[in-house]
Amino acid sequence: MTAVAIDIRALGVGDLNAIEVIERRAYRTPWSRSMFASELAKSTSVCLGAFEGDRLIGYVVNSRYVDAWHVMNVAVDPDHQRRGIATQLLERVFELTGSEERRGYTLEVRVSNLDAIQLYQKLGFQQQGLRRGYYTDNREDAVIMWREPVP
């Protein structure tokens, strides 16, 4: 089987249906459609999709705050995980936002999501704290991770 190249590009409202399908498959407490629509509408957000041909297979939602970029949501369709797609998405975010040298990157991740924690560490994030009871479905704690800006 011939590998199809992954194209990373900006997401738009026309991608909401595909985003919702992946979000429901990837997370037990998915974001709502309106949450995605809100982020897509913000001028301070960077929302990117990974496309295989015309099919969305993953995405990242990143929002700019005063002193940091907040990685709000990263998901890859379960049928396409472990192919480096999340890494490609995050590396593209770093490329697009790297000129803002004063801003680092932050995110929260479930303490039980060891694969994601390992991925984020590989990309330069370090554990900086804990948010107790952060996740509403089971009150699981979240690890707060931080990545320094790269000069």
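The values are calculated or read from the model by the stated rules, or taken from the named source; none is laboratory data. Just so it is clear, the structure is predicted and the values come from calculations on it, not from any experiment. Here the Cβ is made from the backbone with ideal geometry for all residues, glycine too, and neighbour counts use every protein chain on show. Remember, those area values only see protein heavy atoms, side chains included, never the ligands or the DNA or RNA. Shrake-Rupley method; radii C 1.70, N 1.55, O 1.52, S 1.80 Å.
Panel values: the stretch 1-107, Kirkwood radius from alpha carbon pairs, Stokes-Einstein at 25 °C and 0.890 mPa s, translational diffusion coefficient 174 µm²/s. Mean residue ellipticity, 222 nm, helices only, the chain: the sum of -39500 (n - 2.57) across DSSP H runs of n ≥ 4, divided by residue count and rounded to 500, is -8500 deg cm²/dmol.
Restricting the stretch 68-151 to trypsin sites (Lys or Arg not before Pro) that sit in a DSSP loop and have at most 14 other Cβ atoms within 10 Å of their own Cβ leaves Arg82, Arg102, Arg132, Arg139. Surface calculation, 1.4 Å probe, protein heavy atoms: Met35 sits at approximately 90 Å² accessible. In the elastic network of the chain, a GNM with C-alpha springs shorter than 10 Å, the most mobile of Ala41, Ala50, Ala68 is Ala41.
Across the stretch 95-151, Cα-Cα pairs farther apart than 20 Å form 30% of the total. Accessible area per residue for the stretch 22-84 is 49 Å², calculated with a 1.4 Å probe on protein heavy atoms, without ligands, DNA or RNA. The GluC sites (Glu not before Pro) found in the stretch 41-112 that occupy coil by DSSP, while having at most 14 further C-beta atoms within 10 Å, are Glu100, Glu101. The accessible area of Tyr105, taken with all protein chains in place and a 1.4 Å probe, comes to roughly 10 Å².
Counted by Cβ distance under 15 Å from Asn17, the other residues give a net charge of -1, where Lys and Arg count +1 and Asp and Glu count -1. Ligands, DNA and RNA aside, Ile8 has an accessible area near 40 Å² when probed at 1.4 Å. Relative contact order for the stretch 111-151: 37 percent, from Cα pairs under 8 Å spaced at least 6 residues apart, divided by residue count. How much net charge surrounds Ser32 when only other residues with a Cβ under 13 Å from its Cβ are counted (Lys, Arg +1; Asp, Glu -1)? Spelling it out: positives minus negatives among the neighbours equals -1.
Element breakdown for the chain at a 1.4 angstrom probe: carbon and sulfur atoms account for 49% of the accessible area. Projecting label points 7 angstrom from Cα along Cα→Cβ for Asp137 and Arg82 puts them 2.0 nm apart. Each principal axis of the Cα cloud of the stretch 24-84 was taken in turn, and the coordinate range along them, longest first, works out to 36, 22, 20 Å.
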